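Structure, as structure tokens:
The values are calculated or read from the model by the stated rules, or taken from the named source; none is laboratory data. Everything numeric in this text was worked out from a predicted model, so none of it was measured. Because the Cβ atoms are built from the backbone with ideal geometry, glycine has one as well, and the counts that use them run over all protein chains shown.
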Amino acid sequence: MTDTALPVAGGDRIREVARGLVRRHRGELLLVIALHAAAALAGLVGPWVIGRMIDALSSGTAGMTTIDLMFAALAGAVVAQALVTRFAQLWSLRLGESVFAKLREDFLATVTSLPLAVVERAGTGDLLSRTTSDVDAVAQTVRFGVPRILVTGMTVILTLGAAFIINPLVAPAILAGVPLIALSSRWYLKRSGPGYRRQLASYGRLVGVVNETVEGARTIDALDLAPVQRVKIDRALAARNAAERYTLGLRSVWYPLTTLGFLLPVIAVLLWGAYLSGQGLATVGDVTSIALYAMQLTGPVEELVNWMDRLQVGSTALARIVGVAEVPTDRPGADETPDGAQLEARGIRFSYREGVDVLRDVDLVPRLGERIAIVGPSGSGKSTLARLLTGITAPSAGTVRVGGADVMRIPLDVLRQHVALVSQEHHVFVGTLADNLRLAAPDARDSELEEALEAVGALRWVRAMPDGVDTVVGSGGVVLTPAQAQQVALARLVLLDPDTLVLDEATSLLDPRAARGLEQSLDRVLEGRTVIAIAHRLHTARDADRIIVMRDGRIVESGTHDELIAMGGEYGALWRSWQAESADDPGA
């Protein structure tokens, strides 16, 4: 999967988001700017007082009272700066948290509404890196970068203004480092943006490869794929290393040049000020004050330059986060309402790549309450058909309808009340069992949760847990077995109560004994509903009202178990093969 699977927002979009955030937090932003301005002004008093003190002592006009007043003013300025800075930083952090909270809420809302097909095509690496490392990078920028940029920017502007007020002839020397800093920064910024985009994308690829290796460790070991997977990891690491080395090389050029740019103003002020002082155009106090301002600027300018670098990472991460919102919806104009529960698929064709059909001319119209089992060899299109029937993916041709409405034009929350998919993958979220169950029915009472658990045969082991339905499960809590986790997923379906269930090998990842127990739970859940089951074990297909056999993306046989056995065709061959395997492995 490439790093272009999910879009990256352009500069115009990022600026639009930034302007929107500024408008939304205009009041807090003005308060923060005012506080930092006051802190910067208090910081300018010290060098000015020292300069005046030097001039007074040089001219012999300073008495002890004058010196005492100047020291008092200096001490007062330091105390005032400390107090104002504290409140300025406090409000800056509050502003940063408010802005980041809004960004995070918008991003999570966007991610949870992404089309599932898009998420699956993107893979785990790209989306996971955006929700972790990219969010962290933006958090650092918003929480600390924006406040510090405000502080340093305000300090630089006011310090330069104070220098020109003290002596406009000496003050221009304080700008001696500007050309070097500006030119080196322009060179750096032109190259760092693409470099950081490449760096973040390489991290996404690495996360994806490592994640799939961990999740598929048993399969990799069973098929002796470790050397192949190691090569993939090495390539991802090499790409990550190359991206890191590129941006590091840019910084190794930029940092020394900017450091030299910080030193030049102090040297220039002293040399130029000494000349002007000799000409009677500046006092020693003027030169001292402006030299101190130049030294005082070193910290803020260096911090500003450093944040420019980190701002590149933050803006690139923000572009990746905001870019997720640019994924087009797969349900444009979702305004149709089903009239009934009848599911029908007619003339279905589907291809992942143009010209290569995975499904061809598939028609499937189950009767209400009918149980249909779909069987066939791997790659025959069974799971793809399940995705189309539940509206996860749109067909390339043909229609899938529920109650006469196109499944891709039904609002998703309405569609899931009519047809839902149960896959072999299930997830237990961190939280209580009750929280996990209420994902399907947020307003469900505890008694309703227990009824759903009873329906799937899980209530006994739930009651045996430390806190019943209030037991914390998932990472950091009680770890459920695969069978228990699947029962929780089925209990969610009971609470959701859809008219039609599509089961895509829902028990294939469990051992046969656990699977048979879970299938008994399924029977209770499925009672009275239309069921379309992708059958992995043929004994589950045998009891279906109708069995459909698929091969090469087509329905090649349809009938009851006895009818298909009597035909002696595809299903008969599959049944004989499965019986032979079961005889060799009684637990299958």
Matching residues in segment 125-147 (under 25 Å from residue 91 (Cα atoms) and of a type outside the set (Lys, Arg)) number 13
The helices (runs of 4 or more DSSP H) lying wholly within segment 143-245 that contain at least 3 residues that are under 27 Å from residue 81 (Cα atoms) and more than 30 Å from the chain's Cα centre (by Cα) are 146-166
(1) within 30 Å of residue 8 (Cβ to Cβ); (2) crowded, with 16+ Cβ neighbours inside 10 Å all hold for residue 136 apart from (2)
Residue pairs qualifying under the 6 Å Cβ cut-off, at least six apart or on distinct chains, with the first in segment 535-564 being without any contact (Cβ under 8 Å) to a residue 60 or more places away in the chain and surrounded by 18 or more Cβ atoms within 10 Å (Cβ to Cβ) and the second being among the aromatic types (Phe, Trp, Tyr) and not in a loop (DSSP other than H, G, I, E, B), are 557/571; 564/571
**Item:** residue 380 vs. criteria surrounded by 13 or more Cβ atoms within 10 Å (Cβ to Cβ), in a strand (DSSP E or B) and modelled with pLDDT of 85 or more
**Value:** no
Taking segment 207-239 and the residues there that are touching a Leu at 6+ places or on another chain (Cβ under 8 Å) and either touching a residue at least 40 places away in the same chain (Cβ under 8 Å) or not assigned by TED's automatic domain parsing to the domain that holds residue 306 (or both), the one that is nearest to residue 187 (Cα to Cα) would be 207
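Residue check: is residue 499 among the charged types (D, E, K, R), crowded, with 16+ Cβ neighbours inside 10 Å and either closer than 24 Å to residue 392 by Cβ or at pLDDT below 85 (or both)?
On the way: among the charged types (D, E, K, R): yes; crowded, with 16+ Cβ neighbours inside 10 Å: yes; either closer than 24 Å to residue 392 by Cβ or at pLDDT below 85 (or both): yes.
Against the criterion (among the charged types (D, E, K, R), crowded, with 16+ Cβ neighbours inside 10 Å and either closer than 24 Å to residue 392 by Cβ or at pLDDT below 85 (or both)), residue 499 qualifies.
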Out of (1) of a type outside the set (A, V, I, L, M); (2) over 11 Å from residue 167 (Cβ atoms); (3) under 54 Å from the mean Cα position of the chain (by Cα), the one residue 280 does not meet is (3)
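Yes/no matrix, rows are residues, columns are (1) more than 30 Å from residue 209 (Cβ to Cβ); (2) of a type in the set (Gly, Ala, Ser):
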{"position": "78", "(1), (2)": "yes, no"}
{"position": "92", "(1), (2)": "yes, yes"}
{"position": "136", "(1), (2)": "no, no"}
{"position": "140", "(1), (2)": "no, no"}
With criteria (1) within 20 Å of residue 454 (Cβ to Cβ); (2) surrounded by 16 or more Cβ atoms within 10 Å (Cβ to Cβ); (3) at pLDDT 65 or above; (4) not acidic (Asp, Glu), residue 530 comes up short on (1)
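For the structure I just gave you, tell me whether residue 150 is closer than 30 Å to residue 89 by Cα and in contact (Cβ under 8 Å) with a residue 40 or more places away in the chain. Step through it out loud before you land on a result.
On the way: closer than 30 Å to residue 89 by Cα: yes; in contact (Cβ under 8 Å) with a residue 40 or more places away in the chain: yes.
Against the criterion (closer than 30 Å to residue 89 by Cα and in contact (Cβ under 8 Å) with a residue 40 or more places away in the chain), residue 150 qualifies.
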Expected output for segment 87-112 (first residue in contact (Cβ under 8 Å) with a residue 60 or more places away in the chain, partner among the polar types (S, T, N, Q), Cβ below 7 Å, 6+ apart or cross-chain) is 111/131
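Taking residue 194 as the residue in question, decide whether it is assigned by TED's automatic domain parsing to the domain that holds residue 261, surrounded by fewer than 20 Cβ atoms within 10 Å (Cβ to Cβ) and either farther than 19 Å from residue 317 by Cα or touching an Asp or Glu at 6+ places or on another chain (Cβ under 6 Å) (or both). Talk me through it step by step, then tell me what you get.
Values: assigned by TED's automatic domain parsing to the domain that holds residue 261: yes; surrounded by fewer than 20 Cβ atoms within 10 Å (Cβ to Cβ): yes; either farther than 19 Å from residue 317 by Cα or touching an Asp or Glu at 6+ places or on another chain (Cβ under 6 Å) (or both): no.
For residue 194, the condition - assigned by TED's automatic domain parsing to the domain that holds residue 261, surrounded by fewer than 20 Cβ atoms within 10 Å (Cβ to Cβ) and either farther than 19 Å from residue 317 by Cα or touching an Asp or Glu at 6+ places or on another chain (Cβ under 6 Å) (or both) - is not met.
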The condition of being of a type outside the set (Gly, Ala, Ser) and assigned to a loop (DSSP other than H, G, I, E, B) holds, among 256, 332, only for 332
Would you mind stating whether residue 319 is within 30 Å of residue 132 (Cβ to Cβ) and either part of a strand (DSSP E or B) or at pLDDT 85 or above (or both)?
-> yes
The residue from 362, 422, 400, 358 that alone is surrounded by 21 or more Cβ atoms within 10 Å (Cβ to Cβ), in the same structural domain as residue 490 (by TED's automatic domain parsing), at pLDDT below 90 and not in a loop (DSSP other than H, G, I, E, B) is 422
The condition of being farther than 25 Å from residue 412 by Cβ, surrounded by 22 or more Cβ atoms within 10 Å (Cβ to Cβ) and aliphatic (A, V, I, L, M) holds, among 491, 458, only for 458
Counting only residues in segment 428-455 that are over 32 Å from the mean Cα position of the chain (by Cα) and surrounded by 14 or more Cβ atoms within 10 Å (Cβ to Cβ), the one farthest from residue 480 (Cα to Cα) is identified as 448
Per the filter on segment 324-338, residues hydrophobic (A, V, I, L, M, F, W, C) and under 19 Å from residue 8 (Cβ atoms) are 324, 325, 327
Residue 489 being on the phi < 0 side of the Ramachandran plot, assigned by TED's automatic domain parsing to the domain that holds residue 527 and touching a His at 6+ places or on another chain (Cβ under 7 Å)
yes
Please determine whether any residue of segment 310-327 is surrounded by fewer than 14 Cβ atoms within 10 Å (Cβ to Cβ), in contact (Cβ under 8 Å) with a residue 40 or more places away in the chain and either assigned by TED's automatic domain parsing to the domain that holds residue 140 or within 30 Å of residue 199 (Cβ to Cβ) (or both). yes
